[in-house]
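The values are calculated or read from the model by the stated rules, or taken from the named source; none is laboratory data. Bear in mind the structure is a predicted one, so any value in this text is a computation, not a measurement. Note that we place each Cβ from the backbone using ideal geometry, even for glycine, and neighbour counts take in every protein chain shown. Calculation scope for accessible area: heavy atoms of the full protein, side chains included, ligands and nucleic acids excluded. Shrake-Rupley method; radii C 1.70, N 1.55, O 1.52, S 1.80 Å.
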Amino acid sequence: MIKKLNKILKSKIFIFILGGMLCSTITAYAVTYFPSNQVTYDNSTSELNSTDVQGAIDELYNVCINSSMTGVGDYILENTNIVTSGDGLYKDEYEEGRYIYKGANPNNYITYNGEKGVWRIIAIEKNGTIKLKRKKSIGRQIWNSTNNDWKAPASLNTYLNETYLKTLNSTAQAKILNSYFSIGSVIVDNDNMQTQITDEQNNKWYGGIGLVTASEYIRANSNKNQCGTISLLNDNYLTCQKTNWMYNDIVKNDDNSYDDDNEFWTITPVKGETTQVYQIEPLSGIIYETYAQNANSVDGRSNVYPVVYLTSEIEISGGNGSESSPYQIK
């Protein structure tokens, strides 16, 4: 019987099949017949933290209850049409179970930190979390003064996760889910997106606030045929400007022209280099390599657009994702 219970507890299917009432029944039954002080629970394959039966049951019970809630990712997927062209939410063809926003101006706005029209959703991850990018720059910073190692930590990493983090309200801070950011290096003029993503994912950093990867900037473009890799995008930049919301979010001057100082950092280093990273050039939208202390800027600084993951447990109370009616966090 104990082996059977262990097998049930290890099964991920257990979480999804059982509803709240069944979870309660099992909890009561297991507590009665399998006291935690008499049985040790093997958690080596269940991905649970507990090593005793009672603790494992408590964890699974909480998962059962929480799984009945409609989280932010589920809400958006249930209320959004998945598209294959134009502006909108797409299946990510490179990462299974992931959905990404593409196009000139998709409905991917969400009110976060009390800021309306400021944050946009990059992706709905396969675990239900959502990845956000701030539309407006928080100012100009150097990436790092010595090298292109984000984990070192780079000075921009420290600034975002200490100084900037403290400027968010307490509710917004609580919704950030520490996650793995891809920080692997990429070759110059890469012409294979799958290879680029693999290279980016070969190195990870675990933390709260980061930046977009070079591939995320490219994948925000709905014109894959002409803009689907670094080399394609840079060759066809006049066309690619029109179908990428991340590019269109670059702050413009009053006369609708772009400012030379509106370039912004990615989190992606240049492969084979120890001091260079990729950034986005404002006039063209191309991805180019520069020193972590920007050699093309008088003060070595570039614009910073923070990126965060929000926990899947938050709920949406309304909105359709447009700039005028962004998703509202309940």
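Quick notes on this structure:
- Cross-link check: pairs Lys224/Lys271; Lys131/Lys330; Lys91/Lys151; Lys131/Lys204; Lys133/Lys166; Lys91/Lys175 evaluated at a Cα-Cα cut-off of 20 Å; pairs beyond the cut-off: Lys224/Lys271; Lys91/Lys151; Lys91/Lys175.
- Between the stretch 68-132 and the stretch 163-202, the C-alpha centres lie 16 angstrom from each other.
- Cα gyration tensor category, rounded, prolate or oblate, for the stretch 149-262 with a/c compared to 1.5: oblate
- Lys, Arg +1 and Asp, Glu -1 on Cβ, resulting dipole of the stretch 180-330 about Cα centre, debye, nearest 20: 480 debye
- For the stretch 204-209, 3J(HN,Hα) per residue [Karplus equation, 6.51 cos²θ - 1.76 cosθ + 1.60, θ = phi - 60°, Hz, x = Gly/Pro]: 10, 10, 9, x, x, 10
- Here the simple spin-label model places points 7 Å from the Cα toward Cβ, and for Thr158 and Leu238 these points are separated by 4.5 nm.
- Backbone geometry of the stretch 88-102 corresponds, through the Karplus equation with coefficients 6.51, -1.76 and 1.60 at θ = phi - 60°, to 3J(HN,Hα) couplings of x, 9, 10, 6, 6, 6, 9, 10, 4, x, 10, 10, 10, 8, 10 Hz, x marking Gly and Pro.
- Percent carbon-and-sulfur accessible area, the stretch 282-322, ignoring ligands, DNA and RNA, probe 1.4 Å: 43 percent
- Extension gain, Asp261-Gln201: 0.36 nm per intervening residue step, less the Cα-Cα distance, totals 18.6 nm.
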